[in-house]
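Next up is a structure, given as structure tokens.
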């Protein structure tokens, strides 16, 4: 088996999001480290495990305009009709963002 690439990790993230309502950053970073290796994550300035920029850039390319980032909840989700045009959401929560999981 060949070594994983940032694109392969991003494809995995996209596939997961197709199966789930939300893809939480913290949980996803831990799952990436476990499944693909530490080279795709890092510890950020707040001492939290985070996803490497190469993976996030690939995820952005793969998902295009179909996925948004919730600043309020620290998760990605599928775009909804009432979302703002930008990829980042968070000023006001959509009905999905306000719902407990």
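The values are calculated or read from the model by the stated rules, or taken from the named source; none is laboratory data. On a predicted model such as this, the values are computed, not experimentally measured, just so you know. Glycine also receives a Cβ, built like all others from the backbone with ideal geometry; neighbour counts cover every protein chain displayed.
Residue-wise test of (1) within 19 Å of residue 80 (Cα to Cα); (2) under 11 Å from the mean Cα position of the chain (by Cα).
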| position | (1), (2) |
| --- | --- |
| 3 | no, no |
| 28 | no, yes |
| 31 | no, no |
| 35 | no, no |
| 38 | no, no |
| 47 | no, no |
| 60 | yes, yes |
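Scan segment 53-82 and report the pairs whose first residue is touching a residue at least 24 places away in the same chain (Cβ under 8 Å) and at positive phi and whose second residue is surrounded by 15 or more Cβ atoms within 10 Å (Cβ to Cβ) and in a helix (DSSP H, G or I), with Cβ atoms within less than 8 Å and a gap of 6+ or a chain change.
Partner pairs satisfying both residue conditions: 74/25.
Between 35, 58, which is out of contact with any helix residue (DSSP H, G or I) (no Cβ under 6 Å at 6 or more places or on another chain) and at pLDDT 95 or above? Before you say what the answer is, go through the steps one by one.
Values: 58 fails: out of contact with any helix residue (DSSP H, G or I) (no Cβ under 6 Å at 6 or more places or on another chain).
Of 35, 58, the one residue that is out of contact with any helix residue (DSSP H, G or I) (no Cβ under 6 Å at 6 or more places or on another chain) and at pLDDT 95 or above is 35.
Go through (1) in contact with a strand residue (DSSP E or B) (Cβ under 9 Å, 6 or more places away or on another chain); (2) modelled with pLDDT under 95 and name the single condition residue 98 misses.
Of everything listed in (1) in contact with a strand residue (DSSP E or B) (Cβ under 9 Å, 6 or more places away or on another chain); (2) modelled with pLDDT under 95, residue 98 misses just condition (1).
Collect the residues in segment 12-23 that are buried (at least 17 other Cβ atoms within 10 Å of the Cβ) and out of contact with any helix residue (DSSP H, G or I) (no Cβ under 7 Å at 6 or more places or on another chain), keeping them in residue-number order.
Of everything in segment 12-23, those that are buried (at least 17 other Cβ atoms within 10 Å of the Cβ) and out of contact with any helix residue (DSSP H, G or I) (no Cβ under 7 Å at 6 or more places or on another chain) turn out to be 12, 17, 22.
Still on this model: For residues that are assigned to a loop (DSSP other than H, G, I, E, B) and within 14 Å of residue 25 (Cβ to Cβ), scanning just segment 70-95, find the one that is modelled with the lowest pLDDT.
Of all residues in segment 70-95, those assigned to a loop (DSSP other than H, G, I, E, B) come to 71-74, 79-87, 90-94.
Adding the requirement that they be within 14 Å of residue 25 (Cβ to Cβ) leaves 71-74, 90.
On the way: 71: 89, 72: 88, 73: 90, 74: 93, 90: 71.
Here the answer is 90.
Something else about it: Do any residues in segment 25-37 that are within 16 Å of residue 4 (Cα to Cα) have Cβ atoms under 6 Å from those of residues that are modelled with pLDDT of 95 or more and in a helix (DSSP H, G or I), where the two are at least six apart or on different chains, and which pairs are they?
Going by the 6 Å Cβ cut-off, the qualifying pairs are 32/9; 32/40; 36/9.
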